[in-house]
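Heads up: the structure comes next, in structure tokens.
The values are calculated or read from the model by the stated rules, or taken from the named source; none is laboratory data. The structure presented is a predicted model; accordingly, all values stated were derived computationally and were not measured. All Cβ positions, even for glycine, are placed from backbone atoms using ideal geometry, and neighbour counts span all protein chains on display.
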Amino acid sequence: MSNKIKRYISYLNKFISSSEKKVLLKALKSEISDKGVSHGVKSFLHRKMNAKGNYYKEKRIIRPYVIEKFKKNKIVNRVVSDHPKVSVIIPVYNQLNYTIDCIYSIIINSGFDDFEIIIANDNSTEDQSILNKYFTNLSILTNTTNLGFLKNCNNAALQAKGDYLVFLNNDTYVLKNWLSELLDVFRRFDNVGIAGSKLVYPDGHLQEAGGIIWKDGSAWNYGNGGDPSSYEYNYVRETDYVSGASLMISKKLWLEIGGFDELYAPAYCEDSDLCMKVRAKGYKVLYEPCSIVIHYEGATHGKNVNKGVKQHQVVNMQLLAEKWKYEFIKKSPNGVNLFYERDRSSGKKHIMVVDHYLPQIDKDAGSRTISNFLQALLDLGYVVHFLGENQNMEKHYQKYYQQKGIEVLYGHEFDFFNQSWQTYLKEHLNDIDAFLLSRSSACTPVLMFLKNNNYAGKIIYYGHDLGYLRQEKEAKLNNDKNIMRQAMQIKAAEDYMYQNADYALVISKEETEYLKKYITTPLKYVPPYYFEIKPETIPFDKKQGLLFVGGFNHPPNQDAIRWFLDEIYGPIHEQGIKLTIVGSKMPDFIYEYKGQFTLLDIMPDASDEELNDLYARIRIAIVPLRFGAGVKGKVIEAMSKGVPVVGTTVAFEGMPKGEDYIYEGTDTSQEFVDRILQVYHEPELWQQLSWFGKKYVAGNFNKEIMKKTFKEIIG
């Protein structure tokens, strides 16, 4: 309780110190009007006052790159395998201090150890062998003549042992997990040819987040001088080129396309040309924002394009423009259509998904649904943007979606308090082909904005379930007039969304029939989930115990587990059957049952790995819901794992029921006890339910059905 009091005091202090009290009071009044006093105040405090946002008002100066001062006897030891996964090639001409610092950063910040470091010494006047004084197992290749940057790289690549090559300038300092993040791009995406890093100046400003080549052959370092933490620079995306200052390619592809084209010798534009050649082979060039490299640009060749090696930059840009003119003619004029050119998305559909917050896929069923939708949209080749009402995003979820290639919009310009998100939408309204709006509580102002601004694209509404029906059931169960009044307020908001969207997504036959009575908007069926079906590995007799999974921020789950513990679990516990309860926002009252039931195990916030392990070892999943709406994710998930479900009639609501459907709900406590013991002790019945569940989920809850629905709507 003390933690709650402290939290509410912090909300109060934040409110008192805010310069926008009128705006906040208006938001509070709106919440109370929609949800009643109790629920409205709680919603306001948690969703509004706790919404810190990702406000990057000041630059985040990166300061881990101070040159390491080695002592005379300091040696960094590392073991290199005969066939490393990656060869890091560092072309070097003098600049010994930079090279030492670069190598040291690679060793401590790469995220894994299976790599070799090749120093491609281009006949330096400085003695590079001194590097062996500080590092073991370096491969130092020394040219007898100065080949120049390009030929030096080509020569070193031929002697590399790794499956992947990384070209890294010596005037760099790599940050944490730089190499592992680059390599992971090739695992996460299909047809990756090249992956490149985010380059940052020593003062913390952005140097490059990928590059753009325009119709006339001129080029931009996208984001140059900007804030590297800003939303537009922090999602994986296709790009015209990435800089050779930090570039990864498979050695097989490198050899296939002949490496850097010596047309550009001694240096400049060879990296852009390489990216063009890779793309001509049908591969993608991807920018990876989580691979961050500090680049002391100009340390090697200076910045004056009128002298030294740097003068080749102007000449080689002309050569590049001539060689690829038939490709560049497809591009926009310099500075035009930046929204599309930054990620090579001209001709692709752009979809904006709006929800109350970024989906927390391991926390609740609604988040799993939206996460599944996002993946289906990506699989269809759409460019996906996400806008959340609550800007207080947890970083690991933010990274999870950004690394899928989703542009997650965050920062003060997307604040829902003062509706600053409207400025962004006004600017890009014609760039977005469709809006997928989730939940009336978050998206009503967005829908109103789109209607008021005559948005010409498609508006899709997904309400998750008919929430007001769920609250009606809760109100009747508890004879609560306040909850019934809130249900009517929710119905009014949801009716507005359904009636004013171009398409509404429904997840069950029952919802469709109900809405058809008064909603004229076209209704499209979509499965809310899909799951991967895997073969069983643990036999029936090795499985034991019961499992309940649920997010306890959801009132039906709290009611369900209280009813089960009060009226059902007693006789089952007497037979030595363990119950494991897994869920986020675990309420205190559940722990109070530990004294009564010694076999009760409580796991708040279990990881995906822990939950999958539980499903593999458990014998039955229980879903004792007494009220609710829509298809229940916990039921589908258990069935997909081959775990039989014992649940109420409410638990199996909304599920497609053909002639072969075998599940029935049990709605009294005694029926629930009897059904659990029957399934628990009869292997043949258990196996029948297990096989049916997997087959049922594979046929009714798969990604292809979901993709087909979105394709029909969006095109």
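In table form, for the structure just shown:
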read-out: Members of the stretch 651-706 that are hydroxyl-bearing (Ser, Thr, Tyr) and over 37 Å from the mean Cα position of the chain (by Cα); value: Thr666, Thr668, Ser669, Tyr680
read-out: Selection from the stretch 499-512 of residues that are surrounded by fewer than 20 Cβ atoms within 10 Å (Cβ to Cβ) and either in a helix (DSSP H, G or I) or assigned by TED's automatic domain parsing to the domain that holds Lys632 (or both); value: Gln499, Asn500, Lys509, Glu510, Thr512
read-out: Count of the stretch 559-614 residues which are in contact with an Asp or Glu (Cβ under 8 Å, 6 or more places away or on another chain), of a type outside the set (Asp, Glu) and loosely packed, with under 14 Cβ neighbours inside 10 Å; value: 1
read-out: Test for Gln670: is it of a type in the set (S, T, N, Q) and over 20 Å from Ile572 (Cβ atoms); value: no
read-out: Complete set of residues in the stretch 400-420 that are assigned to a helix (DSSP H, G or I), crowded, with 17+ Cβ neighbours inside 10 Å and either modelled with pLDDT under 95 or of a type in the set (D, E, K, R) (or both); value: Phe414
read-out: Qualifying residue in the stretch 366-380 (condition: closer than 22 Å to Ile636 by Cβ, over 23 Å from the mean Cα position of the chain (by Cα) and outside the structural domain of Gly551 (by TED's automatic domain parsing)); value: no
read-out: Single condition Val92 does not satisfy, out of (1) at pLDDT 90 or above; (2) in contact with a strand residue (DSSP E or B) (Cβ under 6 Å, 6 or more places away or on another chain); (3) surrounded by fewer than 17 Cβ atoms within 10 Å (Cβ to Cβ); value: (3)
read-out: Condition met for Ser105 (over 18 Å from Tyr173 (Cβ atoms) and assigned to a helix (DSSP H, G or I)); value: no
read-out: Residues that are under 23 Å from Asp113 (Cβ atoms) and either within 18 Å of the chain's Cα centre (by Cα) or not assigned by TED's automatic domain parsing to the domain that holds Ile292 (or both), drawn from the stretch 180-194; value: Ser180, Glu181, Leu182, Leu183, Asp184, Val185, Phe186, Arg187, Arg188
read-out: Unmet requirement for Phe672, which otherwise passes all of (1) assigned to a loop (DSSP other than H, G, I, E, B); (2) in contact with a strand residue (DSSP E or B) (Cβ under 9 Å, 6 or more places away or on another chain); value: (1)
read-out: Within the stretch 144-233, strands (runs of 3 or more DSSP E) holding 1 or more residues that are of a type outside the set (Phe, Trp, Tyr) and touching a Cys at 6+ places or on another chain (Cβ under 8 Å); value: 164-168, 172-174, 192-200
read-out: Residue identified as modelled with pLDDT of 95 or more and either assigned to a loop (DSSP other than H, G, I, E, B) or more than 26 Å from Ser607 (Cα to Cα) (or both) among Ile361, Ile351; value: Ile351
